1. Test LEU206 against the criterion of being of a type outside the set (Val, Ile, Thr) and surrounded by 15 or more Cβ atoms within 10 Å (Cβ to Cβ), and give yes or no.
2. Quick check: anything in region 55-70 within 16 Å of ligand 2 (Cβ to nearest atom) and open to solvent by 30 Å² or more (accessible area, probe 1.4 Å)?
3. Scan region 278-289 and give yes if some residue there is surrounded by 17 or more Cβ atoms within 10 Å (Cβ to Cβ) and within 16 Å of ligand 2 (Cβ to nearest atom), otherwise no.
4. Residues that are away from ligand 1 (no atom under 16 Å from the Cβ) and part of a strand (DSSP E or B): does region 152-163 have at least one?
5. With the requirement that a residue be more than 13 Å from ligand 2 (Cβ to nearest atom) and over 15 Å from GLN131 (Cα atoms), what does region 26-43 give you?
6. Residue under question is VAL118, and the condition is that it be within 16 Å of ligand 2 (Cβ to nearest atom), under 24 Å from GLN65 (Cβ atoms) and not acidic (Asp, Glu); does it hold?
7. Within region 130-149, identify whether any single residue is closer than 30 Å to PRO67 by Cβ and within 20 Å of the chain's Cα centre (by Cα), and answer yes or no.
Amino acid sequence: MTLKHAMIIGHRGASGYLPENTLAAFSLAIEMGADAIELDIVPTKEGELIARHENDLTHTTNISQFPEFTDRLTAKSIYCQEITGWFTEDFTLAEIKTLKAKERHSFRQQSANYLHQVPTLQEVIDLVKHQRTSAGRAIGLYIEIKHSTYFRTIGLPMEEPLVEILSRNGYNTADAPIAIESFESESLKHLHQLTQVPLVQLRQDLTSASELANIAEYAVGLAPYKRLIVPTDERGHLLAPTSLIQDAHQLGLKVYSWTFRNENMHLAPEYQGNPQAEYEQFLLLGLDGVFSDFPDTAVSVRDRLHPSQ
Ligand code: G3P
Ligand code: CA
């Protein structure tokens, strides 16, 4: 069978090895052969866009060790979730630059903790701009806007500054090696009015035929949770794949899925502890790209299945 070139996207960088959303993690993903890197963005107090998965800095930085920030520990309701922490929108970029990143998960290596800063989106662009894959392609950037409705309601809209940064870098075009992703369809529909940059709709729940058709009106890609493609039963055992990839392809949508991780705790028992088996299954189903915390593993499978690309 002919397999197309599937995009290997380093999820928050090579975040299985280094603290997520840092320049070090992004560089490692590129070194490992990723075609693209994924980063999440949130704004600072003055609206600078920075690479963090959520606006609470507690779990991925050393902010709790800064006595001068103790009085900014606060409780907020974000999308009806009560969260206590230190939030990016309460700190200037200069303050956030004094922090150091740390590994989120206790089951992963901690040896690179407190070495790397929180990067701005511009710094991530500067890192990838002049790099190429081994096949000579530009490194792709998948930029996920986080909590965009929340930030708009507190006076920190993200869509306009994002498009401005992309324009400043010559990336505000349909063929730029960029995609903007979001779970929030209203944000993507707004971006559809502002930019030609490819848009990708993230989905965690089941997508009906009419929802898919609606997504195809403003997005070029769909990024469903992997269990919408290969479901599991209540004990975590694999069930037969759905037709979601084919259905989306019929509407002209590319399909990327998340998140692929090597640890046994993230693998269905049928893969017998072998993460390569999971990539193989999804790539053979026709997926256009995978978001992977371990891009080296993903690249090895993709290159084995399709060595010429
Ligand atoms: O961007 C794809 C995937 O990253 C979405 O989930 O929670 O890892 O941002 P999350
Ligand atoms: Ca993400």
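The values are calculated or read from the model by the stated rules, or taken from the named source; none is laboratory data. Please read all numbers here as calculations on a predicted model, not as lab measurements. Virtual Cβ from ideal backbone geometry, glycine too; neighbours counted across all protein chains shown. When the accessible area is computed, the model is the full protein with side chains, heavy atoms only, and any ligands, DNA or RNA have been set aside. Shrake-Rupley method; radii C 1.70, N 1.55, O 1.52, S 1.80 Å.
1. Numbers: of a type outside the set (Val, Ile, Thr): yes; surrounded by 15 or more Cβ atoms within 10 Å (Cβ to Cβ): no.
Answer is no for this residue.
2. Scanning region 55-70, I find at least one residue that is within 16 Å of ligand 2 (Cβ to nearest atom) and open to solvent by 30 Å² or more (accessible area, probe 1.4 Å), so the answer is yes.
3. yes
4. No - not one qualifying residue is present in region 152-163.
5. PRO43
6. Numbers: within 16 Å of ligand 2 (Cβ to nearest atom): yes; under 24 Å from GLN65 (Cβ atoms): yes; not acidic (Asp, Glu): yes.
Yes: the conditions hold for VAL118.
7. Filtering region 130-149 for residues closer than 30 Å to PRO67 by Cβ gives 146-147.
Still in the running and within 20 Å of the chain's Cα centre (by Cα): 146-147.
Yes: one or more hits.
Every residue, every condition in (1) at pLDDT below 95; (2) over 18 Å from PHE282 (Cβ atoms), yes or no:
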| residue | (1), (2) |
| --- | --- |
| LEU3 | yes, no |
| GLY10 | no, no |
| SER15 | no, yes |
| GLU20 | no, yes |
| ALA24 | no, yes |
| ILE37 | no, yes |
